[in-house]
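J.: Mind looking over this structure? Questions follow.
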Amino acid sequence: MANIDELKVKVQEKAEIAAARSVIIAETAGKKAKSMAKIAKLKSEILTAKEERRKAEIALGRKYYELFGEAPAEELAEICATIGNANDQIDAKKALIDELKSRDKAE
């Protein structure tokens, strides 16, 4: 019987150790999950801020081109020329579309 009692005590001790380790693991996992959730939230906020910045930069560029596109600063002249050329191409293609639509209606 002494062997069985000793075995019961050892099993009980091992169970208590396992339970304590389980608690530590659960606490660590909980802390890690909270940390990961916070990181995910911060990354989302960074993406939102980057999108806001991108929109502001686009608005700034449009406003600059609107105000100074005809006489831009030297550093921006090439970019403004590219925009102007693109606008000319767009206008020309729209005119062709309108012309084709007019022909189709006339026929």
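A short reminder: the numbers here are calculations on the coordinates, not readings from a lab. Just so you know, these numbers come straight off a predicted model, no measurement behind them. Note that we place each Cβ from the backbone using ideal geometry, even for glycine, and neighbour counts take in every protein chain shown.
J.: If R0 is 25 Å, what FRET efficiency do you get for Ile58 and Ala95 from their C-beta distance, rounded to 0.05? Can you show the working numbers first?
T.: On the way: r = 26 Å, r/R0 = 1.06.
Once the sixth-power term is evaluated, E becomes 0.40.
J.: Still on this model: Label points 7 Å out from Cα along the Cβ direction at Lys105 and Thr28: separation in nm?
T.: With each label point 7 Å from Cα toward Cβ, the separation is 7.6 nm.
J.: Projected onto the charge dipole of the chain (+1 at Lys/Arg Cβ, -1 at Asp/Glu Cβ, origin at the Cα centre), which of Ala77, Val11, Ala59 gives the Cα projection farthest towards the positive end?
T.: Val11
J.: Hey, what angle do you get for helix 2-68 against the long axis of the chain, alpha-carbon based, 0 to 90 degrees rounded to 10?
T.: 10
J.: Something else about it: When only DSSP loop residues count, what GluC sites (Glu not before Pro) in region 29-102 have their Cβ near at most 14 other Cβ atoms within 10 Å? Mind dumping the intermediate values first?
T.: Working: sites: Glu45, Glu51, Glu52, Glu57, Glu66, Glu70, Glu74, Glu75, Glu78, Glu99; in loops: Glu70.
Here the sparse-neighbourhood loop sites are Glu70.
J.: Oh, and also: Does anyone have the angle between helix 77-106 and the longest principal axis of the chain? Alpha-carbon axes, 0 to 90°, nearest 10?
T.: Tilt relative to the chain: about 70 degrees.
J.: Describe numerically, in nm with one decimal, the distance between label points set 7 Å from Cα along Cα→Cβ at Leu67 and at Asp5.
T.: 9.3
J.: Taking the Cα of Met36, stepping 7 Å toward and past its beta carbon, and measuring to each backbone N in region 1-30: which are under 16 Å?
T.: Within reach of a label on Met36, which here means backbone N under 16 Å from a point 7 Å along Cα→Cβ, region 1-30 contributes 25-30.
J.: Using alpha carbon centroids, what distance separates region 41-55 and region 76-107, in Å?
T.: Here the two parts' Cα centres lie 35 Å apart.
J.: Determine the shape class of the chain: with a ≥ b ≥ c the square roots of the Cα gyration tensor eigenvalues, call it rounded for a/c under 1.5, and otherwise prolate if a/b is greater than b/c, oblate otherwise.
T.: Values: a/c = 8.24, a/b = 3.36, b/c = 2.45.
Prolate shape, in that a/c is at least 1.5 and a/b is the bigger ratio.
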